[in-house]
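Each value in this text was obtained by applying a stated rule to the coordinates, not by laboratory testing. Computed from a predicted structure; not experimentally measured. Glycine gets a Cβ as well: all are built from the backbone with ideal geometry, and neighbour counts include every protein chain shown.
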Ligand code: ATP
Ligand code: MG
Ligand code: FE
């Protein structure tokens, strides 16, 4: 199949052309980060306005780079949710318009399914598989018995791990979104310098909690200030990252022990770009589960992009899982809905 995919769930306007769910003919990502940076976070109204301003041009760029026109497409795919409603609406409206004008089937894709299927752009997926979604809004362990069957076996009880990274980054005065900068800082620090709790690590479930780690960082900075001490940002970043990564890797391992039938493990979402997590997860799985194939997408496919939406949409196209042209954005859409 040849699919034009549109992603506007948050702060990147992205359009891709994907062949057979595996081959990227184009994947344009127009980031709005610079506009949101001065506010220290994504401002929904600003995001919607940028999507409106960018979408037509990004569609043209993606088509141009692919060498195809809309008329050549087999289907139009668009992220329906989860995300910011005003941001999603821009993509959904663009997708519906193209589907109507060119008389193409419309595929409404779940953004988190997209994050998982980003790995399909690296290697064919094999089932059953386990996916760890680590992003700005989600932290979930997902068991997939087969294509498009999503069972959430564990999730965060409070903050998502990306959210915790961004909040800790703000405490350390790093630019938004802080994940990348905190990761770089952590690489230069001593991870044993500060005590950060490994929340829920020994609990007999696959759930997570990251707000306590963020509070521990805040308290460390606060206490140091009161005593008139200097904190070492590199060490604090390294200590936080070690705690977050240890819990994620531990729960991933626990999930694989519980599901010995799993043949692939997929790391998905923006935080999959984290060097500490990529390294620790690779080492742990290689020693403990040598028969489980680990897929970690390249950095460009970890963050939000339309290629992953097209990868996911290919399967829906094969299943004729088409949507009506009156669909709406669903900001709270859950996996498997
Ligand atoms: P969701 O996918 O849950 O709807 P989102 O789309 O906003 O949320 P993503 O774009 O998938 O989230 O991921 C963005 C998050 O990834 C941000 O919180 C960012 O700080 C974090 N991030 C990016 N790179 C790194 C890194 N190297 N280390 C840690 N976090 C990172
Ligand atoms: Mg983003
Ligand atoms: Fe995302």
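Stokes-Einstein diffusion coefficient for the stretch 135-281 at 4 °C in a medium of 1.567 mPa s, Rh from the Kirkwood formula over Cα pairs: what value in µm²/s?
82 µm²/s
Please report how far the C-alpha centroid of the stretch 242-283 lies from that of the stretch 145-209, rounded to the nearest whole angstrom.
Each part's Cα centre sits 12 Å from the other's.
What number, rounded to the nearest 500 deg cm²/dmol, is the helix-based mean residue ellipticity at 222 nm of the chain, given -39500 (n - 2.57) per DSSP H run of at least four residues and division by all its residues?
-13500 deg cm²/dmol
Using the 10 angstrom Cβ neighbour count as an exposure proxy, how do 229, 235, 20 rank, fewest first?
So the ranking, lowest neighbour count to highest, is 229, 20, 235.
For the chain, take every pair of Cα atoms, bin their distances at 10 Å starting from 0, and report each bin as a whole percent.
6, 26, 32, 23, 10, 2, 0
Ranked highest first by average number of other Cβ atoms within 10 Å, how do 152-162, 121-131, 239-249 line up?
239-249, 152-162, 121-131
Would you list 312, 35 from fewest to most Cβ contacts within 10 Å?
Going from least to most buried by this count: 35, 312.
Report, please, the projected area of the stretch 1-92 averaged over directions, based on the convex hull of its C-alpha atoms, in nm².
The orientation-averaged projected area of the Cα hull of the stretch 1-92 comes to 5.7 nm².
Sorted from fewest to most neighbouring beta carbons within 10 Å, what does the list 289, 39 look like?
Fewest to most other Cβ atoms nearby, the residues stand as 39, 289.
For Cα pairs less than 8 Å apart in space and 6+ apart in sequence, what is the mean separation divided by the residue count of the stretch 55-204, i.e. the relative contact order in percent? If you can, show how the numbers build up before the last one.
Details: 163 pairs, mean separation 18.4, N = 150.
Here the relative contact order equals 12 percent.
Using Cα pairs closer than 8 Å and at least 6 residues apart in sequence, work out the relative contact order for the chain, in percent.
Once normalised by length, the contact order is 26 percent.
How big is the Rg/Rh ratio for the stretch 281-337, C-alpha atoms only, Rh by Kirkwood, two decimals?
That ratio is 1.11, to two decimals.
Please list 324-331, 110-117 highest first by mean number of surrounding beta-carbon atoms within 10 Å per residue.
Final packing ranking: 110-117, 324-331.
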